[in-house]
Amino acid sequence: MSHSSQHQLERGHALYPGTFDVLTLGHLDIVRRASTIFRRLTVAVAQNPGKAAPLFTVAERVEMLREAVADLANVDVASFEGLTVQFARRIGANVIVRGLRAVSDFEFELQMAMMNESLNPEICTVFMAPAPAYSFLSSSLVKEIARFGGDVAEYVPPHVAEKLINRLKENGVR
Ligand code: ADP
């Protein structure tokens, strides 16, 4: 990469949107990578009415994210409703970051990126791959493991593991 394009990236404000129900070490791997590349990173919980009933409220997910990124000075956490590109424009972000784990993510992610590109060509999507250890991790898998009494300590930060187990107990499924 040339010196000038490196400089361009460092000036960027990136938005990493997602459901984050629950936050995993895979998500955080992407957050850390993006925080070293972009000047500023906003991680935002999408209030997605199309998704199945979440385990945690948006406020709870924001809180867990805040605790997880507290050591990263250029990262902030927010939530939004509606279109990602509209939120990106509102906060002045010019990049949308998404994680790509496997080919199975690719089709949906590319479709979203193309749609966002046509809605606002000034905002570009950047895909980042996590460390191989996280490439099989998903929020739904972690919830499934926890539900059946499995140990999730390897997959989520400690404060998330605790909240996850407590929530499942509250719901009477553990
Ligand atoms: P969404 O409903 O927006 O897909 P998710 O919380 O499932 O929300 O994922 C948010 C983003 O994080 C997506 O780009 C997804 O591909 C990525 N992601 C999820 N899990 C991982 C992981 N283990 N490693 C890397 N990226 C991940």
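Before moving on, here are some points about what is shown:
- Gyration tensor (alpha-carbon) shape descriptor, segment 33-137, a/c threshold 1.5: rounded
- For a straight C-alpha distance cut-off of 19 angstrom, the aspartates and glutamates reachable from Lys169 (same-chain residues fewer than eight places away being disregarded) are Asp21, Glu60, Glu144, Asp151.
- Subtracting the Cα-Cα distance of Ala70 and Arg89 from their residue separation scaled by 0.36 nm leaves 4.4 nm.
- Cα gyration tensor, segment 36-91 - rounded (a/c under 1.5), prolate or oblate: oblate
- Among Phe106, Phe87, a tally of other beta-carbon atoms within 10 Å of each Cβ gives an order, fewest to most, of Phe106, Phe87.
Every number here is computed from the coordinates shown, using simple stated rules; none is lab data. None of these values were measured; they are calculated from a predicted model. Counting neighbours? That spans all protein chains shown, and the Cβs are built from the backbone with ideal geometry, glycine included.
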